[in-house]
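Written below as structure tokens is the structure these notes are about.
The values are calculated or read from the model by the stated rules, or taken from the named source; none is laboratory data. What you see is a predicted model; the values in this text were computed from it and never measured. Backbone-built Cβ (ideal geometry, glycine too); neighbour counts: all protein chains shown. Areas reflect the complete protein model, heavy atoms only, side chains present, ligands, DNA and RNA absent. Shrake-Rupley method; radii C 1.70, N 1.55, O 1.52, S 1.80 Å.
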Amino acid sequence: MKTIEKSDIIAKYSMTGSIKRTASELNVSHSTVWRVLIEAGLYTQSACRGYLQAV
């Protein structure tokens, strides 16, 4: 089983622009993608509110 690095998640999100699609393509949970993006400073608090309402 391949370990997914944070840099892989960030790169894939940069290509897809979608948390759900990134999670699906990398076979990780939406929350994992979301957490990595927040830690990297790529996802803001206002964007988080919109994401949480959509989930």
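Computed over protein heavy atoms with a 1.4 angstrom probe, the accessible surface ordering of 25, 39, largest first, is 39, 25. The largest accessible area among 33, 28 belongs to the first residue in 28, 33, and the rest follow in falling order (1.4 Å probe, all chains). Between residue 39 and residue 25, the distance separating the two model label sites (each 7 Å from Cα on the Cα→Cβ line) works out to 2.1 nm.
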